[in-house]
Amino acid sequence: DKAGQVVSLNLQAGKNIIEVARREAGVILDKLYISKSSSLPSGLGGNAHNCVTGADDFTYLRINTGGTSFNASGNKMFRADAFYTLPSSTSVSTASVSETLDEELYKTERKGNTFGYKIPLQNGTYDIRLRFTELQWLESGKRRFNVKVEGATLLNDLDIFASSGFGIAVDKELLGVQLQDGTLNIDFQALAGEAQICAIEVLPGGSLSNSSNTPPSFT
């Protein structure tokens, strides 16, 4: 704290997640939580953040880009925005978003001409789900951008409005991404307007391989 007081914590053996909550109106340290879970304790305000010991031990991660921590459907905990690069900015919309059970997740965004995320992860194979929605433009061509993962362009000339229309959630899945240097780089490069992202999920390889719709069978 400001007085330099030392806080001692008794941790269990193994990996511990340290959760720090701030007061809503400022940055004064209010409460400190220790748990073995990746979810935030109930009752914390929107400025609560996770601080994980040994960040390079992540094997999966969900980020509410441009927003605070969010518990999505299926008890999927998205941590508050982190690991982003500058220059970039955030915005929050009040417009409605359809085709999702987690409307609020799509109302926040990080955006910019050229920005990215540098996410510390264990080396291995990952599946990535990127979540988008268009809440500014009412025609195609106004927002177009590329998405690179580990230097490779995996989404080329993405136009969110052309993909789904206005205020409709659209997810893009990138499967089998190989990580070898301990930092997952996801970069956004605008071609027209600003690039944007509403949420990022990085999951162990194979997590999304069966997530597509199954064709109906007839008798």
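No value in this document is a laboratory result; all are computed from the given coordinates. None of the values given here were measured: they were computed from a predicted structure. Cβ placement follows ideal geometry from the backbone for every residue including glycine, while neighbour counts extend to all protein chains displayed.
Report note on the peptides 155-163, 59-67: ranked by the mean count of other C-beta atoms within 10 Å, highest first, their order is 59-67, 155-163. With one equal scatterer per alpha carbon and no solvent term, the Debye-computed log10 I(q)/I(0) for segment 68-133 at 0.12, 0.19, 0.20, 0.29 1/Å reads -0.38, -0.94, -1.03, -1.42.
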